[in-house]
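Okay, structure first, notes after.
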Amino acid sequence: MRIILIISTICCFSLVTLSAQPIGKSNYEILLQGAQEALTKKDYYLALTKYEEAYDEKKDRELTLTIAELHYLLRDYSKAERWYSRLLDRDKDNKFAEERFNYGRVLKMIGEYNEATLVLQQYIDETQDPIRKKLAQNELIGAEMALTLPETAKGVTVDNLGKKVNGKQSEYSPTLDRDGKTLYFSAFEADDVIVVDEKNTDFYARLYMSTKEDNGWSKRKALDDKINRPGVHTTNVALSADGKRMYFTRSILEGNTLANSKIYMSESGDGGWLGPNEIQGVNGEYIATHPAVGELYGKEVLFFSSNMEGGEGGMDLFYATYEGSGKYSDPVSLGAVINTVGDELTPYYHDGTLYFSSTGHPGIGGFDIFYSVWDGANWSEPKNMGKVYNTMVDDLYFRMDEEGYKGFLTSNREGGRSAHGKTCCDDIYSFEIAKLYADLVVGVFDDATKQPLFGATVSLVEMTNDTPGTPDSKTNSTANKFEYGLGLEKPYKVAVSHPDYFPDSMTLNTVGLTDSKTFQHNFILKAKPKPPPEPEYITIVEEKPIVLENILYDFDDDRIRQSAEVDLELVYEIMTEHDSMKVELGSHTDNRGKDNYNADLSQRRAESARRWLVRKGIDRERVVAKGYGETVPQTVTAKVAAKHDFLNEGDVLTIAFIDALETEEQKEIAHELNRRTEFKILEGPTSIQIKTTRLKKQEEGKEDATPKDSKSRRSRDRNSLPQAQVGKGDPVISQLSTLYGRKDLKGLPIMTFNERVINFGKVKRGEKRTHIYEFVNEGDTPLTISLISACDCTTTEYPTETIKPGGKGSIKVIFDSTEKEESETIDVDIMLENTLPETGAPIIEMLQYTYELVK
C-alpha cells in the first residue's frame, strides 16, 4: 500500500513559528526540525516539503540525498532523478557510491534505459553489498531487456477505468465476482493529498464496489461498516472460487509505511457480506497481506505475501492449505524459484498459473508482473509478462475473469490520475485479449550477406479506399525486427528503407480472417553502390596544420556553429588520449574587412574554440589560441578540390584568385574555406595516426541553421555581442546565456547585466584586478545561483539568497595574474539552480573579462 499523508499538527507548528520564532533559532533550523519530526513519523510528503523549504533557505547540500530519497519514496521519479544526479555529479570522492543503486532504478523508471545500464554496471563493479549487488544485476538485466522487448502484446489492449472508479489517490486489488458484473476494490475517499487533523479522522482506505454498465462501470460505492471497520485501512480484497467467501486485509500505517496487516474472511449471507473474522493459521507477528485463493495438490490454498521468517528476504509469497471453518495450515514458502531477495507481492492464481509482481526478478520498471506455471510438483521459472502489461514504473494486482480473456491490473503509469506528481498513485486498468487478432512481424536483411540489417525504417500505412493513411514509422538502430498490431478487415502497405540500401515494399490485408494470424515478412534489401573509400588513416605531424573542416564561421562572426562540435570532439579525444600534447588552434578570416579588425576577429574565433575545450576539462595551458587574420589564405587540397569542381589542388585562395571567380556563389564558398580553424601539434608526440573517418565533414543538410546573410554585417567589439529580444517590451537575451534564441521565456529567470564583458586593459604579472558585475532578474520567477565556475586565477563572491523577479544582485570577480603567461579572455560561468524545462539542464549565464599581460 502507498498513501501520501500530511500531518497537519506539524503544519500548524510551522505556521506558529513564523510569527514567534524561538530565541536563537533561525528559520532554517526551524524548518529542519519540522522536516526531521515529519520524517521520524514517516510522513514523507510533509518531510519533503520542509526539507525543500530548508534547502531554499540555505542551499545546504547535505540535504540533497534526503530530498532525493523522499522524491523516490513518493514515486516522483523525474524529480528524484534530478536530485540524485545533482548529488552524484558533485561526488568527486565517491562518498555516495551506494546511492547509484537507487539512481539506476530511478533512471529505469523514467525510461532512460541506456543510461541506467551504465550507472547500474558501475554500481555492480564497486559495491561490497552482496544482496544489493544481486538486485542491481537483475535491474541491469531488466534495463537491457526493456530495450529489446516488443512494444506491443499480441491482441492486447489496456484502458484506464476512468473517474467513476479511479480517484487521485491509489486504488488496489480489483477483483471481479463470478458473474463478471461486480468489481470489488479498495481505495481512499479522497481526491487530493490527504490531510490528517482533528477535522479529518476518517481518512482510511475502504473496500468499494462498482457494477458493470453499458458504457463502463458505475460510480464506486463503499461496502458497509461490517467490512469497513473505522480506524483501520481495509484493502486487498479477494474472492473464493465459488464467490461465497471474501478475503481482505485490515492494516495500520505509520505515516506512509505499512506497520501492521492481518487477513480477514467474510462469508456471504442473505443481506450481503457478514461480519468478518481473522483467519486462523496465517496471521502472526508479521505482515500478512494480499490474499488470493488457489489450488495445490488438489486442495484449496490461500496464497499471500508476508515478511515472516522462512522467505528469501523482503516480502515473499507463501501459501496455507484451507482446513475449513476459517482455519488454515501453517504457511509454506513458495521457495526460491518464486521468491527473491527483493519483494514479491499481489499473488493471483488462475487455472494452474500463478501471477505476481516482483522487484527481485529482472523487470523493465519497478514492480513488474510475472507468471509461473505449476506442473503438479514444481513452479516453472517466472517469466516477465512484457510491455503493455508492464511499464517503466509499478504494475501490480494482475487479475482475470473466468474465461481468461479480460482482466484488471493496477499501475502508476503516466496518464493516470495522481495527487502528487505524475506517478505517485495507482489506478485500476482493464485489459482485454482479443480472441481474434492479427499482427505483423517484419525482418530486414542484407541481400549479399543474408545477415540482419540494423538501422532500417519500416512504415505501416492503412490503405482506405486505396488512399494511404498516416504512416506508423519505426526505426531500429540495434535490431532488425519490427512488430505491429493490425486491425481486422483492413488493407495495409508496408514499406522499408535504409540510407545505404534500395527501398522495398509489400501489401497485405486482414479481410476475412476467421482465426488469429501473425503475418511475417522478411525484406531482403540490396545495397546501393558505395563511393570510393578514403584512405583509412592519416598522419598528423608536429607543426603541420590540419584543417578542421566543420569549424566554419559566418561572415563577421566569432560564434562557432553547432556543427563544429564534431571536430572539437575529435580534438578533445586526441588530447585526452595524449595527455602530454600541447596544440595550437589557429583561426583564419577571409579578406573582407580591415586588417586590424580581421586579426581581432580571428583571435576571438580561436578563443571560442579554446573555451569549448576548456569547458570539457582540457587544461587551458595546453591550448594556444592564435588568430592569423587574413594573412594565410587557404591552399586547396586534393580533398577540397574533389568537392568543388571550380577549384584545383594547389590553388591559393588570395584576394585576386577569389575576385576572378565566375559566380558570387563560388566566391562565397572560397571565402568560407578561408574562414577556418586549423589544428597543429606544438608539443608531445611528434606524429599520430587517426582514421580519416574521424576528420569527415558533416553531411550536407545536417549543419545547424546559422544565418549566412552577408547583408546583416555588424562590426562588433567584445561588448557588442549578439542579443535577442522575443517580443516588443520583452527582456533582451544575451548570446552569453543558454536562454539565447528561446521564444518562450515564461517561468524562467532572466539575468540582465549592465555589462557582461569588460577589459582590464594592461596588467602587470602579479597584479590583481577587481570588477563588480551588476544584474537584475527581469524574468517572472525567482532565480538562485548554484555555483560559479572560472579558472584558478579567478575568485568570485555572489549572493546565495534567492533573487525575486525585479530583484537586483551583484557578482564580484577578482583576477590574480600571478600565474599567467599570456594575454587572455577569461570566461566566468554562472550555473543556476533553475533548469531548462525540456531538458532539466541548469540555466547557465556567462561573463567575460579580458586583459593584456605586461611582463
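The values are calculated or read from the model by the stated rules, or taken from the named source; none is laboratory data. Quick caveat: nothing in here was measured; it's all calculated off a predicted structure. We place every Cβ from the backbone using ideal geometry, glycine too, and count neighbours over all the protein chains shown. These area figures cover heavy atoms from the full protein model, side chains too; ligands, DNA and RNA do not enter into them. Shrake-Rupley method; radii C 1.70, N 1.55, O 1.52, S 1.80 Å.
For region 578-688, which fully contained helices (runs of 4 or more DSSP H) count at least 2 residues that are over 30 Å from Ser789 (Cα atoms) and in contact with a helix residue (DSSP H, G or I) (Cβ under 7 Å, 6 or more places away or on another chain)? Write out each step before concluding.
Working: elements: 595-615, 638-643, 655-659, 664-674.
It comes to 664-674.
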Picking from Gly313, Gly363, Gly376, which residue would you name as being closer than 29 Å to Asn412 by Cα, part of a loop (DSSP other than H, G, I, E, B), at pLDDT below 95 and not aromatic (Phe, Trp, Tyr)? Gly313
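Condition first: of a type in the set (Lys, Arg) and modelled with pLDDT of 90 or more. Can you find one or more residues in region 412-433 that meet it?
We begin by selecting, within region 412-433, every residue of a type in the set (Lys, Arg); these are 413, 417, 422.
Next cut, modelled with pLDDT of 90 or more only: 413.
Within region 412-433, one or more residues are of a type in the set (Lys, Arg) and modelled with pLDDT of 90 or more.
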Quick one: would you say Glu703 is of a type outside the set (Lys, Arg), part of a loop (DSSP other than H, G, I, E, B) and at pLDDT below 60? yes
Cross-chain or 6+ apart pairs with Cβ under 9 Å, region 140-152 first and farther than 19 Å from Thr359 by Cβ, then β-branched (Val, Ile, Thr) and open to solvent by 60 Å² or more (accessible area, probe 1.4 Å): Leu147/Thr478; Thr148/Thr478
Consider Asn27 against the criteria (1) more than 32 Å from the chain's Cα centre (by Cα); (2) open to solvent by less than 60 Å² (accessible area, probe 1.4 Å); (3) at pLDDT below 50: it satisfies all of them except one. Which criterion is unmet? (3)
The correct count of residues that are modelled with pLDDT under 85 and open to solvent by less than 10 Å² (accessible area, probe 1.4 Å) in region 832-845 is 0
Can you pull out every residue in region 494-512 that is crowded, with 18+ Cβ neighbours inside 10 Å, closer than 25 Å to Val156 by Cβ and not hydrophobic (A, V, I, L, M, F, W, C)? Thr510
Checked against (1) within 21 Å of Thr423 (Cα to Cα); (2) of a type in the set (A, V, I, L, M, F, W, C); (3) crowded, with 21+ Cβ neighbours inside 10 Å; (4) out of contact with any Cys (no Cβ under 8 Å at 6 or more places or on another chain), Leu74 satisfies every condition except (4)
Pairing a residue in region 746-774 that is under 17 Å from Ile830 (Cβ atoms) with any residue that is of a type in the set (Val, Ile, Thr) and surrounded by 11 or more Cβ atoms within 10 Å (Cβ to Cβ), where Cβ atoms lie under 6 Å and the two sit 6 or more apart in sequence or on different chains, gives Pro749/Thr781; Thr752/Val776; His771/Ile758; His771/Val813; Tyr773/Ile811
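What residue, among those in region 763-790 that are in a strand (DSSP E or B) and under 27 Å from the mean Cα position of the chain (by Cα), is farthest from Gly806 (Cα to Cα)?
As a first pass, look at region 763-790 and keep what is in a strand (DSSP E or B): 763-764, 768-777, 783, 785-789.
Narrowing the set further to residues that are under 27 Å from the mean Cα position of the chain (by Cα) leaves 783, 785-789.
Values: Leu783: 10, Ile785: 16, Ser786: 19, Leu787: 21, Ile788: 22, Ser789: 25 Å.
It comes out as Ser789.
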Six or more apart or on different chains, Cβ atoms under 7 Å: show the pairs whose first residue is in region 797-817 and over 17 Å from Pro731 (Cα atoms) and whose second is open to solvent by 50 Å² or more (accessible area, probe 1.4 Å) and outside any strand (DSSP E or B). Thr802/Asp56; Thr802/Pro782; Ile811/Tyr798; Ser817/Arg765; Ser817/Glu767
Report yes if some residue within region 633-650 is on the phi > 0 side of the Ramachandran plot and modelled with pLDDT under 85; otherwise report no. no
Among (1) under 25 Å from Phe398 (Cβ atoms); (2) modelled with pLDDT of 90 or more; (3) under 36 Å from the mean Cα position of the chain (by Cα), where does Asn260 come up short? (1)
Across region 820-855, which residue is nearest to the chain's Cα centre (by Cα) among those that are more than 19 Å from Leu613 (Cβ to Cβ) and charged (D, E, K, R)? Glu838
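Yes or no, residue by residue, for (1) surrounded by fewer than 16 Cβ atoms within 10 Å (Cβ to Cβ); (2) assigned to a loop (DSSP other than H, G, I, E, B); (3) not hydrophobic (A, V, I, L, M, F, W, C):
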position	(1), (2), (3)
Pro150	no, yes, yes
Lys154	no, yes, yes
Lys163	yes, yes, yes
Thr175	no, no, yes
Asp179	yes, yes, yes
Ser186	no, no, yes
Thr211	yes, no, yes
Asp225	yes, yes, yes
Asn228	no, yes, yes
Select from region 412-438 the residues that are more than 24 Å from Gly487 (Cβ to Cβ) and aliphatic (A, V, I, L, M) and write down the one among them that is surrounded by the fewest Cβ atoms within 10 Å (Cβ to Cβ). Ala419
Of all residues in region 387-401, how many are surrounded by 22 or more Cβ atoms within 10 Å (Cβ to Cβ) and either acidic (Asp, Glu) or in contact with a helix residue (DSSP H, G or I) (Cβ under 8 Å, 6 or more places away or on another chain) (or both)? 4
Extreme residue, most open to solvent (accessible area, probe 1.4 Å), among residues of region 791-813 that are within 19 Å of Thr752 (Cβ to Cβ) and assigned to a loop (DSSP other than H, G, I, E, B): Lys804
Of the conditions (1) at pLDDT 90 or above; (2) of a type outside the set (A, V, I, L, M); (3) in contact with a helix residue (DSSP H, G or I) (Cβ under 9 Å, 6 or more places away or on another chain); (4) open to solvent by less than 30 Å² (accessible area, probe 1.4 Å), Asp829 clears all except one; give me its number. (1)
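Quick check on Asp816: is it open to solvent by 60 Å² or more (accessible area, probe 1.4 Å) and of a type outside the set (A, V, I, L, M)? Write out each step before concluding.
Details: open to solvent by 60 Å² or more (accessible area, probe 1.4 Å): no; of a type outside the set (A, V, I, L, M): yes.
So Asp816 does not fit the description; no.
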With the condition being aromatic (Phe, Trp, Tyr), I'd like the strands (runs of 3 or more DSSP E) fully within region 406-484 carrying at least 1 qualifying residues. 406-411, 427-433, 438-446
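Per-residue answers, yes or no, for (1) among the acidic types (Asp, Glu); (2) surrounded by fewer than 22 Cβ atoms within 10 Å (Cβ to Cβ); (3) touching a Cys at 6+ places or on another chain (Cβ under 7 Å); (4) farther than 23 Å from Asn236 by Cα:
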| residue | (1), (2), (3), (4) |
| --- | --- |
| Ser325 | no, yes, no, no |
| Val337 | no, yes, no, yes |
| Gly352 | no, yes, no, no |
| Ser358 | no, no, no, no |
| Pro362 | no, yes, no, yes |
| Ile369 | no, no, no, no |
Can you find a residue that is out of contact with any strand residue (DSSP E or B) (no Cβ under 6 Å at 6 or more places or on another chain), over 30 Å from Glu821 (Cα atoms) and free of Cβ contacts under 8 Å to residues at least 40 places away in the same chain anywhere in region 612-619? no
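Residues in region 325-336: is at least one farther than 24 Å from Lys226 by Cβ and of a type in the set (Lys, Arg)?
Initially, region 325-336 is screened for residues farther than 24 Å from Lys226 by Cβ, giving 329-336.
Pick out the ones that are also of a type in the set (Lys, Arg) and you get none.
No; the residues of region 325-336 include none that is farther than 24 Å from Lys226 by Cβ and of a type in the set (Lys, Arg).
Considering each of Leu5, Leu65, Leu74 in turn, give the residue that is modelled with pLDDT of 90 or more and touching an Asp or Glu at 6+ places or on another chain (Cβ under 9 Å). Walk me through it before giving the result.
Numbers: Leu5 fails: modelled with pLDDT of 90 or more; Leu74 fails: touching an Asp or Glu at 6+ places or on another chain (Cβ under 9 Å).
After ruling out the rest, the residue left standing is Leu65.
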Could you say which residue among Asn256, Asn236 is in contact with a Leu (Cβ under 7 Å, 6 or more places away or on another chain) and closer than 30 Å to Ala47 by Cα? Asn256
Identify, please: which residue in region 439-451 is of a type in the set (Val, Ile, Thr) and crowded, with 19+ Cβ neighbours inside 10 Å and is, among those, farthest from Asn160 (Cα to Cα)? Val444
